[in-house]
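Contents: one structure, followed by commentary.
The values are calculated or read from the model by the stated rules, or taken from the named source; none is laboratory data. Note that the structure is a prediction, hence the values are computed from the model and not measured. Neighbour counts run over all protein chains shown; Cβ positions are idealised from the backbone, glycine included.
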Amino acid sequence: MNKGLLSVDEALAQLLAGARPVTDIEELPTLEATGRILARAQRSTMDVPPMDNSAMDGYAVSTSDLERNASLRVSQKIMAGSVGKPLEPGTAARIFTGAPIPPGADAVVMQEHVTAHGEEVVIQKPPKAGDWVRYVGSDVKNGGEILAAGKRLAPQDTGLAASVGIKTLPVFRKVRLGLFFTGDELVMPGEPLPPGRIYNSNRFTLRGLAQVFGCETRDYGIVPDSLEATREVLRRAAAECDLIVTSGGVSVGDADYVKPAVEAEGRLLMWKISMKPGRPLAFGTVRDAFFIGLPGNPVSSFVTFLIFVRPFLLRVQGLKDVQPKAIAARADFDWPEPDARREFLRVKWNAQGGLDLYPTQDSAVLTSTSWADGLVDNPAQQAIRKGDTVRFLPYSELYT
Ligand code: AMP
Ligand code: MG
C-alpha cells in the first residue's frame with residue numbers, strides 16, 4: 001500500500017466506529033412501513049393459520065371411512081370464511097381453499113381426483129391423513145418472533161406482520177441527510193451553460209442515492225467556493241441534519257474550502273484513501289451532525305458514497321450488518337496494469353455470464369457508472385487476466 005494513504009478498510013472501520021444510530025422511534029401504520037427499519041422485535045399473538053384449513057378445492061373426508069368405502073355422499077359444503085358442521089361419518093364435505101376442516105375430517109381429496117355423480121363422489125385416489133390440510137400454527141406459532149429488531153422491512157415483512165393482525169409497527173425515524181455541492185463552475189440543468197461551466201450532475205446522483213436509502217433529504221444546493229458561504233451552510237445543515245454529505249472542495253487546491261470550513265465549525269479528519277477512484281475523503285462532525293465530504297469527480301463521489309456513506313448511513317439507520325455481499329464472478333477482460341491503490345472498476349454482465357470492463361475507467365467519465373451493473377473490487381497491484389475470478393459488487397447489493 002502507498003505510504004501515507006489510509007486503506008479502505010481502515011477508513012471504513014474508523015467511520016463505523018463513530019456512527020451513532022438514530023434512536024427516535026415512530027409508530028407507523030403497517031401499510032406504510034415498507035423500507036423502514038424495525039425498532040423492536042415483533043411477536044405473534046396468534047397462530048397462523050388460526051385453524052386447520054384446506055389447501056385445495058376438493059372434498060374433506062375421514063381417511064378411516066375410505067378404507068371401507070370409496071364412494072361417499074356429499075353431506076355439506078364449506079366455503080372459505082365459513083365454518084362447517086362436524087363431518088357425518090361415511091360422508092364427504094365439499095370444501096374450498098382456505099375453508100376450515102370440519103371436525104371428524106383428517107384429509108382433503110383434491111377435486112381433480114374425484115368423480116362426482118350427483119350427490120355422490122367417487123374417490124379415485126385415496127388420501128393419507130393430513131393430505132392438503134394446512135394445520136393451525138404451521139406458518140406462525142402464537143408467541144413466536146416473526147420479525148427481528150433492526151431489520152429493514154421488505155414488502156413481505158409488512159405482509160407477515162399483517163398476517164398476525166399487527167396494525168402498526170415501531171420504526172426508527174428517517175435519517176436526515178443534508179447535501180450540498182461546492183463549486184463555482186456548477187450550473188443546474190435548465191440554465192444555459194456559460195463557457196467554462198459544467199452541470200451539477202452530482203446533485204442528481206447523490207439525491208438519487210439518498211432516495212434509494214430512504215433518507216429524509218435536505219438539499220442546500222450549490223454553494224459558492226468561499227469560506228464564509230461554506231461555513232454558513234454547514235451551520236444551517238448541522239442544525240437540521242444527522243449527517244451532512246458534500247461533493248467537491250475536499251482536495252487541497254486554492255478553491256477547496258470544505259476543509260477549513262469544517263475545521264472552523266466542528267472537527268475534521270482528512271483522509272487520503274488508498275482507493276481509485278476516490279482518494280480524498282473528509283470525515284468529521286459539526287455540532288451533533290456527522291460530516292462526510294466526498295470528492296467532486298462524478299465517478300469518485302458515486303463510488304465513495306457506495307463504499308463509505310452507504311455503510312455509515314445504514315449504521316445510523318439502525319442496521320447491524322452493513323457489508324455489501326460480494327459475488328465471485330469471472331472477468332472476461334484483462335487488467336494488466338493495476339494501480340498501487342485498491343480499485344473499483346465499472347463492469348457489466350455479458351451474455352456468457354462473465355464481466356466486461358468499461359473501456360475508460362477515468363473518474364470523470366460518468367457514462368461508465370451508468371453503463372455498468374456494478375463494481376469489481378480489485379486489490380492494490382493485482383493484475384486481472386481473462387478468466388480470473390474477481391470480487392464483484394453488483395449495484396443490486398450496493399443499493400440495499
Ligand atoms: P473538486 O473535488 O471540487 O476539486 O472537483 C473535482 C472535479 O469534479 C472538478 O472537475 C469539478 O468540476 C468536478 N465536480 C465538482 N463538483 C461537481 C458536481 N457537483 N457535479 C459534477 N462535477 C463536479
Ligand atoms: Mg471544486
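Of note:
- Long-range neighbours under 7 Å by Cβ, at least six apart or interchain, first residue without any contact (Cβ under 8 Å) to a residue 40 or more places away in the chain within the stretch 267-281, second in a strand (DSSP E or B) and of a type in the set (A, V, I, L, M): Leu268/Ala282; Met270/Ala282
- Residue match in the stretch 254-266 (condition: β-branched (Val, Ile, Thr) and within 14 Å of ligand 1 (Cβ to nearest atom)): yes
- Filter result for the condition that a residue is over 30 Å from Arg287 (Cβ atoms), of a type in the set (A, V, I, L, M) and within 16 Å of ligand 1 (Cβ to nearest atom), over Val136, Val108, Val164, Val187: Val187
- Condition met for Phe204 (of a type outside the set (Gly, Ala, Ser), within 11 Å of ligand 1 (Cβ to nearest atom) and closer than 28 Å to Val22 by Cα): yes
- Out of Ala162, Ala116, one residue alone is among the aliphatic types (A, V, I, L, M), farther than 30 Å from Thr30 by Cβ, out of contact with any strand residue (DSSP E or B) (no Cβ under 7 Å at 6 or more places or on another chain) and surrounded by fewer than 19 Cβ atoms within 10 Å (Cβ to Cβ). It is Ala116.
- For the residues Leu28, Leu12, Leu16, the requirement of being in a helix (DSSP H, G or I), closer than 21 Å to Glu216 by Cα, in contact with a Pro (Cβ under 9 Å, 6 or more places away or on another chain) and not small (Gly, Ala, Ser) singles out Leu16.
- Just one of (1) among the polar types (S, T, N, Q); (2) at pLDDT 95 or above; (3) more than 30 Å from Lys320 (Cα to Cα) fails for Thr34. It is (3).
- Put simply, of Gly130, Gly90, Gly98 the only residue that is of a type outside the set (Lys, Arg) and either modelled with pLDDT under 95 or surrounded by 18 or more Cβ atoms within 10 Å (Cβ to Cβ) (or both) is Gly90.
- Residue list for the stretch 189-245, filter: touching a strand residue (DSSP E or B) at 6+ places or on another chain (Cβ under 9 Å), within 16 Å of ligand 2 (Cβ to nearest atom) and part of a loop (DSSP other than H, G, I, E, B): Arg197, Asn200, Pro224, Asp225
- Selection within the stretch 237-268 - in contact with a Pro (Cβ under 6 Å, 6 or more places away or on another chain) and surrounded by fewer than 20 Cβ atoms within 10 Å (Cβ to Cβ): Ser251
- Taken over the stretch 253-291, the criterion of being over 19 Å from Glu228 (Cβ atoms), within 16 Å of ligand 2 (Cβ to nearest atom) and assigned to a strand (DSSP E or B) is satisfied by Met270, Pro280, Leu281.
- Test set (1) surrounded by fewer than 22 Cβ atoms within 10 Å (Cβ to Cβ); (2) more than 25 Å from the chain's Cα centre (by Cα) - Leu306 fails condition number: (2)
- If you filter the stretch 194-236 down to residues that are closer than 30 Å to Ile37 by Cα and more than 29 Å from the chain's Cα centre (by Cα), you find that the one that is surrounded by the most Cβ atoms within 10 Å (Cβ to Cβ) is Leu234.
- Test: residue in the stretch 342-354 that is acidic (Asp, Glu), over 16 Å from Leu15 (Cβ atoms), out of contact with any helix residue (DSSP H, G or I) (no Cβ under 6 Å at 6 or more places or on another chain) and surrounded by fewer than 19 Cβ atoms within 10 Å (Cβ to Cβ): no
- Yes/no for Val223 being among the β-branched types (Val, Ile, Thr), within 16 Å of ligand 1 (Cβ to nearest atom) and at pLDDT below 95: no
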